[in-house]
Amino acid sequence: MVSGSEREVLKIIRDEGGEATPRVVAHKLGSSWGLDYVRLLCNSLGRADYIDVLSSGKLRITAKGKAAVEGK
């Protein structure tokens, strides 16, 4: 189960076409969200298989992540 903050991150990645960088996610979330906090959330989401963290640094949403955003 993802938290509200994690769900917001997943929505942004989904809305960016399924891939985004942590910097893009932080920008879309607004100035109160620091890049370090976004990276922490992304690491947590990656460990739980909601996203894949690619070697390029990009974040890619998984089928499990899409299902979590859609509430399935």
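At 222 nm, what value in deg cm²/dmol follows for the chain if DSSP H runs of at least 4 each add -39500 (n - 2.57) and the sum is divided by all its residues, to the nearest 500?
Working: 4 runs with 41 residues, N = 72.
The per-residue figure over the chain is -17000 deg cm²/dmol.
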- Item | Separation of alpha-carbon centers, the stretch 11-38 and the stretch 47-72, rounded to whole Å | 13
- Amide H contacts under 5 Å for residue 21, placed H, 5+ residues apart: 59
- Message: Relative contact order for the chain: what percent, with Cα pairs under 8 Å and sequence separation of 6 or more?
- Response: 37
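Looking only at Cα atoms, what is the convex hull volume of the stretch 4-70 per residue, in Å³? Walk me through the numbers before you get to the answer.
Values: hull volume 4.9 nm³, N = 67.
Spelled out: Cα convex hull of the stretch 4-70, divided by residues, is 73 Å³.
Bear in mind that the values in this text are calculations on the coordinates, not laboratory data. If you're wondering where the values come from, they're calculated on a predicted model, not measured in any experiment.
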